Amino acid sequence: MLTILFDGVAYGMLLFVLACGLAVTLGLMNFVNLAHGAFAMAGGYITAVLMNRYGVPFLLTLPLAFIGPALLGLVLERTLYVQLYARSHLDQVLFSIGLVFMAVAAIDYTMGSQQQLIQLPGWLQGRVDVLGVQVGLYRSFIIGVCGVLVIALQLILTRTRFGSRLRAAVDDPRVARGLGINVSAIFATTFAVGSGLAGLGGALGAEILGLDPTFPLKFMIYFLIVVTVGGTTSITGPFLASLLLGIADVAGKYYLPDFGAFIIYTLMIVVLVLRPQGLFAHGR
Amino acid sequence: MQDKPFMSSLTTDEVATSLRRKGRWGLGEVLFWLAAAATLFFLPERHLILNEIAIIGLFAVSLDLILGYAGIVSLGHAAFFGVGAYVAGIFAKEMTGDPLTGLAVAGVAAALLGFATSFLVLRGADLTRLMVTLGVALVAGEIANQASWLTGGADGLQGIMMGPLLGMFEFDIFGTTAYAYSLVVLFVLFVVARRIVHSPFGLSLRSIRDNSLRARAVGIPVNRRLVAIYTISAAYAGIAGGLLAQTTQFVSLDVLAFHRSADVLLVLVIGGVGYLYGGLIGAVIFKVLQDILSSMTPQYWQFWIGLILVVLVLAGRERLTERARFLAGRLFGRSAGAPRTAPAREGRP
């Protein structure tokens, strides 16, 4: 029971790191980016390739899994995404689906369609017994890393000048621009950081979520659930939503293996119908 | 029409004349359908793929009804397609192999689902709608996957035996009967759809798409209109799915998959959103492209599809559509031609 809760928390934290970039994209620029999972996949593959082909230690690959997708995100944002902010949601959806298709086929072509397995270092394998609860070492590691990231993000958002600018831009881009805040530079930065975090999440999650070319499509719905259920106005909303989703998913798969996915999708629809702004958002 | 009392009779007359003029069949349209009918006789070895084109075309027309005319962006239109396919398949297996009855049942089943879920779609803006439609399709897919005693689960629904069409024409392995059947169904439903969009009802839908607040203000019952068109569109999609199940005599989970919803969006976008021929032209182009691309690079053709989508959007989808519509207007006569006003900018208040 507690083990399931623990696994669920680890899973939820992972989902948050994967999806928080999307929350910013949606909240700040109202851009429906279905291709967010592609950045996560990029991070996962960077780790997998570095470890399996070049023997780089796991921990060393993680910063690279952040930097690679972040740079990719920055370039794509400046060249392609920036042209679509003013377009209709339909255009944005079509564009990002196109990107996902290209990413899936490109990875399939270069890396093959099989699952990528990574060999965790020995000190992260196995489980220990803490107060009678079986605790996976790797999951504790994930909770630790993601917890630090969450706190860091929260501090950046609430305590720094950049954070207050970002919040101002999310609340009202036009007024923020009027006050002399360079909204597009802020957005490029957050897009890059969000893509990087997604990449890091993909690398950390390669062991738990699995990594194959269909990753962006498989987890797209999860990211979107986190963002739409959590709302895009704060960082705590998506965080709580990812924890809920993580725990519900793990528990659902454990207790009701046949209906786990079914329950999650139904709950999502119910939440969205009752609270279109998200579960934790304050009405505006 | 509920809003009649608010208009002067002069405006009513004007609108009626304009609708009637737009509703008239152009020469190009007649030629289009004659050409389609001619393929029945002149391209016998292509009937299997033409059948698929007709089905995808019908599916795209159904999406166009809600996307192009009512402005509802859906990422889960495959839900209705899949439900129609499964219902038609199971009906043929368990009840009777008569195709027309099965098709009607498939359409009604999908319409019921569309009616039930339309109330979910009314809430919220684009993103919520995207998520809800996607969620409905995922739930449907999950149900089909779990209820394997009924649907065959991951193995697919096998052993569908279709009776002869109208008691006379057996389905043959070259797909000639199948194609003729699909084409006739497509034509009949297309005529109905054409009538719908050129009616005052269709006009009110377009006003909701362009500005739903203003539409509400002039007395259009927005929610009821959206429920109606969503239900109709679901029935269309269900019939398209039913056609697929009946003509291929097989249904797999693939009919409910996400890529099917994405594909139909692409079909519609290639052909052009907001005029009915867009779905049909898009279906032809899409299938031909898919054929060429998958023979060049099998299993990686999705890459090129994705590239086409990205380029299409970056190059300005609406501009291209307008061009196509202009050309279509030249070719097909006034009725399919460009509207006098600027086309809708979906998703913006």
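The values are calculated or read from the model by the stated rules, or taken from the named source; none is laboratory data. Every value quoted in this text rests on a predicted model; they were computed, and no experiment measured them. No Cβ is skipped: glycine too gets one built from the backbone with ideal geometry, and neighbour counts run over all protein chains shown. Surface accessibility is based on the protein's heavy atoms, side chains included, excluding ligands, DNA and RNA. Shrake-Rupley method; radii C 1.70, N 1.55, O 1.52, S 1.80 Å.
Here are the numbers for the structure shown:
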item: Helix axis angle, A:183-209 relative to chain A longest principal axis, alpha carbon, degrees; result: 10 degrees
item: Simple label model, 7 Å out from Cα along Cβ direction - A:Val175 to B:Met161, nm; result: 7.2 nm
item: Partner aspartates and glutamates for A:Lys218 [C-alpha distance under 17 Å; skip if fewer than 8 residues away on the same chain]; result: A:Asp108, A:Glu207, A:Asp249, B:Glu142, B:Asp254, B:Asp263
item: Crossing angle, helix A:89-111 versus chain A [Cα axis fit, 0-90 degrees, rounded to tens]; result: 40 degrees
item: Most fluctuating residue given options B:Ser252, B:Ser212, B:Ser18, as computed from a GNM of chain B linking Cα atoms under 10 Å; result: B:Ser18
item: Residues B:Val108 and B:Trp25, FRET efficiency given R0 of 41 Å [Cβ-Cβ distance, rounded to 0.05]; result: 0.90
item: For the stretch B:229-245 versus the stretch B:170-212, the gap between their alpha-carbon centres in whole angstrom; result: 10 Å
item: Efficiency of FRET from Cβ geometry, B:Arg123 and B:Ala16, R₀ 22 Å, rounded to 0.05; result: 0.05
item: Percent RCO, i.e. relative contact order, over chain B, from Cα pairs under 8 Å lying at least 6 residues apart; result: 32 percent
item: GNM flexibility winner over chain A from A:Leu76, A:Leu245, A:Leu155 (Cα, springs under 10 Å); result: A:Leu155
item: From phi via Karplus (6.51, -1.76, 1.60), per-residue ³J(HN,Hα) for the stretch B:92-97 in Hz, x at Gly/Pro; result: 5, 6, 8, 9, 9, x
item: Between helix B:301-314 and chain B: long-axis angle, C-alpha atoms, 0 to 90°, nearest 10; result: 0 degrees
item: Accessible area per residue in Å² at 1.4 Å probe, computed on the protein assembly as shown; result: 43 Å²
item: Heavy atoms of A:Arg275 accessible to a 1.4 Å probe, total area in Å² rounded to 10; result: 100 Å²
item: Heavy atoms of A:Val56: accessible area, 1.4 Å probe, square angstrom to 10; result: 40 Å²
item: Net length gained if the chain between A:Leu5 and A:Val128 were fully extended (0.36 nm per residue, minus Cα distance); result: 42.7 nm
item: Distance in nm between pseudo-label sites at B:Met296 and A:Arg159 (7 Å out along the Cβ direction from Cα); result: 5.5 nm
item: Carbon/sulfur fraction of accessible area - the protein assembly as shown, other protein chains in place, 1.4 Å, %; result: 67 percent
item: Probe 1.4 Å, all protein chains present, accessible-area order of A:Phe223, B:Phe41, B:Phe119, largest first; result: B:Phe41, B:Phe119, A:Phe223
item: Heavy-atom accessible surface that B and A bury in contact, both chains counted, 1.4 Å, Å² to 100; result: 3800 Å²
item: Computed accessible area, A:Arg139, all protein chains, 1.4 angstrom probe, square angstrom; result: 70 Å²
item: Residues along the stretch A:67-97 losing 20 Å² or more of accessible surface when the other protein chains are present rather than the chain by itself (probe 1.4 Å); result: A:Leu80, A:Gln83, A:Ala86, A:Arg87, A:Ser88, A:His89, A:Leu90, A:Asp91, A:Val93, A:Leu94, A:Phe95, A:Ile97
item: Net charge contributed by nearby residues that have their C-beta within less than 13 Å of B:Leu65 (K/R +1, D/E -1); result: +4
item: Inter-chain Cβ neighbour average for residues B:260-272, partner chain, 10 Å; result: 2
item: Note, ³J(HN,Hα) from phi for the stretch A:152-160, Karplus 6.51, -1.76, 1.60, rounded to Hz, x at Gly and Pro; result: 4, 4, 4, 5, 4, 5, 9, 10, 9
item: Per-residue mean of C-beta atoms belonging to partner chains within 10 Å, peptide A:262-272; result: 5
item: Contact order relative to length of chain A, as percent, for alpha carbon pairs under 8 angstrom and 6 or more apart; result: 38 percent
item: Where A:Val135, B:Val192 fall by accessible area, highest first, once all protein chains stay in place (1.4 Å); result: B:Val192, A:Val135
item: Net length gained if the chain between B:Leu43 and B:Glu170 were fully extended (0.36 nm per residue, minus Cα distance); result: 43.8 nm
item: Shielding by partners, peptide A:215-226 (average Cβ within 10 angstrom, other chains); result: 2
item: Heavy-atom SASA rank of B:Lys93, B:Lys287, A:Lys253 (probe 1.4 Å, accessible area, largest first); result: A:Lys253, B:Lys93, B:Lys287
item: Length-normalised contact order of the stretch A:141-284 in % [C-alpha pairs under 8 Å, at least 6 apart]; result: 17 percent
